[in-house]
1. Of all the strands (runs of 3 or more DSSP E) wholly in the stretch B:37-124, which have at least 1 residues that are surrounded by fewer than 17 Cβ atoms within 10 Å (Cβ to Cβ) and out of contact with any Pro (no Cβ under 8 Å at 6 or more places or on another chain)?
2. Which residues, counting only those in the stretch B:95-108, are under 11 Å from A:Ala133 (Cα atoms) and facing chain A (nearest Cβ under 8 Å)?
3. Looking only at the stretch B:182-207, which residues are farther than 21 Å from B:Phe244 by Cβ and either small (Gly, Ala, Ser) or in contact with a His (Cβ under 7 Å, 6 or more places away or on another chain) (or both)?
4. Which members of the stretch B:109-127 meet the condition of being under 24 Å from the mean Cα position of the chain (by Cα) and away from chain A (no Cβ under 14 Å)?
5. If you scan the stretch A:66-119, which residues turn out to be farther than 18 Å from A:Ala162 by Cα, surrounded by fewer than 24 Cβ atoms within 10 Å (Cβ to Cβ) and aliphatic (A, V, I, L, M)?
6. Would you call A:Gly115 more than 14 Å from every other protein chain (Cβ to nearest Cβ), modelled with pLDDT of 95 or more and out of contact with any Lys or Arg (no Cβ under 9 Å at 6 or more places or on another chain)?
7. Take A:Ser88 and tell me if it is at pLDDT below 95, out of contact with any Asp or Glu (no Cβ under 9 Å at 6 or more places or on another chain) and of a type in the set (S, T, N, Q).
8. Across the stretch B:36-79, which residue is nearest to the other protein chains (Cβ to nearest Cβ) among those that are touching a His at 6+ places or on another chain (Cβ under 9 Å) and closer than 21 Å to B:Ala159 by Cβ?
Amino acid sequence: MNGATTLLRRIGARVVEGVWRVGFAARFFMLVLLYSGQSLTRIHLTIREIYFSGVLSLLIIVVSGLFVGMVLGLQGYETLQRYGAAESLGVLVALSLARELGPVVAGLLFASRAGSAVTAEIGLMKTTEQLKAMDMMAVSPIARVVAPRFWGGVISMPLLVAIFSAMGVFGGWLIGVVFIGVDEGAFWSQMQAAVDFRYDIANGMIKSVVFAVAVSLIAVFEGYDCTPTAEGVSRAITRTVVSSALAILALDFVLTSFMFRG
Amino acid sequence: MGADVDNAFVSLEGVRFSYGDREILKGVDLSVRRGQVVAIMGGSGCGKTTLLRLIGGQLRASSGRIEVAGHDLSRLGRKGLYALRRRMGMLFQFGALFTDMSVFDNVAFPLREHTDLPAETIRDLVLMKLNAVGLRGAERLQPAELSGGMARRVALARAVALDPMLIMYDEPFAGLDPISLGVIGQLIRRLNDALGASSIMVTHDVHESLEIVDYIYFVADGRIVAQGTPDEIRASKDPFVHQFVYAEADGPVPFHYPAAPMGEHLLGRSTA
């Protein structure tokens, strides 16, 4: 009886704490939006973050996109040729990437590459009292540190998703057309005919923007909210990667169910 | 004198502060006049840094009144507080330099954020501030390339970049070698006098402080337990001050953390 009460209490405490944190995060999000003016008026602050989050993530995005596309080419050909539809390989590769794999895989990569770096940077700034020092100099850390990193992520990620998908299509073409010998004309023309700009590409980009907001918010919030110790920062980084991954997968399901209901 | 409230630039009256159920400050009265360098001393964890955070407006007192430059801090909103902080400088314990900026950019930071001065003027001002702390030659270095004492001097240059009226120091001497310690001590006094500012220094370095400050407050258990000029402190018969100034291990501040008697503890009759 005693054990059960303790367990219930613990579960209750966890739930209450979780709700508190979601509340904090929502308030924090409002503050970030409220203090976003400087990110636009002093655009160099945001451009710097686009460089750190976006440009420095290019390598992993390009290489992963290429390999995902090549694997799609191999697996797609293997399945399609059984039904004599190998020419549709281009359609399969492009739709898989534009609708699902591009936003989801690039989002997961972005969260682990750039999101974790943002959390670590803000967390360490908090640990070494840099945020407090800024606040004491009458400069809002949310306006000066958090908002530019948030917008840097929100702007970079959709662009990285587009690059990821383009590299994936290139990888699929490389395997399907160059190595396996699928007809090049059919590969491209079927893709062009089957992929709709609004239904497939635009919906994919909307997903990437939603994921970008979620991942960037999680990254800056975890950094800003971390316990200012070495252990606290490391936990915050882990939480960023785990929460971002879960958020991307959950949001993907919700968005897909609204966007692609046939 | 330090307790001259009417002429005070910073004054605290009956200030109480708690973290949750734990009461850190139990009614503190303190005042700092214009031009004074005041030290707040006490053992670790006695609430000294909390006092500094209250004066800087980073924390709000649970009760009592804190006035800085004639403003009641409890009545100031965020904008008012930020306007006041532009006239305050604070030196954090380990400098808190921005690690992604060079020494020059660190000192230029408050100038760039709060003024529209042209780049050449900012450059001149930064070099003057760095020259005052003896580090003009280090302008291009990154914070990671500085020693602890140098980092604190850069942070000091940054804290006085906007010529503040009030400069606050959180443990300015912690972890410094004797030479850097003397240098920082002299700088604190010189900068205060040159700017006509007031300075509040939280420290437990008695001997260095007695050399440079005008007035000293001793804090223990959340209260001011002794105060006076350096000469009065040196001559004090107060057991607490005596223990502190002469670094005695036991006295009013006990050596032992509260515990059950040793015999009981060893026999396992007490878990305390």
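The values are calculated or read from the model by the stated rules, or taken from the named source; none is laboratory data. The shown structure was predicted, so the numbers you read here are calculated from the model rather than taken from an experiment. FYI the Cβ positions are ideal-geometry reconstructions off the backbone, even for glycines, and counts take in every protein chain you see.
1. On the way: elements: B:37-41, B:63-68, B:88-91.
Answer list for the stretch B:37-124: B:63-68.
2. Listed by number, the residues that qualify are B:Ala96, B:Leu97, B:Phe98.
3. Within the stretch B:182-207, the subset farther than 21 Å from B:Phe244 by Cβ is B:183, B:186-187, B:189-198.
The answer is B:Ala194, B:Gly196, B:Ala197, B:Ser198.
4. Within the stretch B:109-127, B:Val126 is the sole residue that qualifies.
5. Residues satisfying the conditions are A:Val71, A:Leu74, A:Leu80, A:Ala85, A:Ala86, A:Ala117.
6. Working: more than 14 Å from every other protein chain (Cβ to nearest Cβ): yes; modelled with pLDDT of 95 or more: yes; out of contact with any Lys or Arg (no Cβ under 9 Å at 6 or more places or on another chain): yes.
Spelling it out, A:Gly115 is indeed more than 14 Å from every other protein chain (Cβ to nearest Cβ), modelled with pLDDT of 95 or more and out of contact with any Lys or Arg (no Cβ under 9 Å at 6 or more places or on another chain).
7. On the way: at pLDDT below 95: yes; out of contact with any Asp or Glu (no Cβ under 9 Å at 6 or more places or on another chain): yes; of a type in the set (S, T, N, Q): yes.
Against the criterion (at pLDDT below 95, out of contact with any Asp or Glu (no Cβ under 9 Å at 6 or more places or on another chain) and of a type in the set (S, T, N, Q)), A:Ser88 qualifies.
8. B:Lys48
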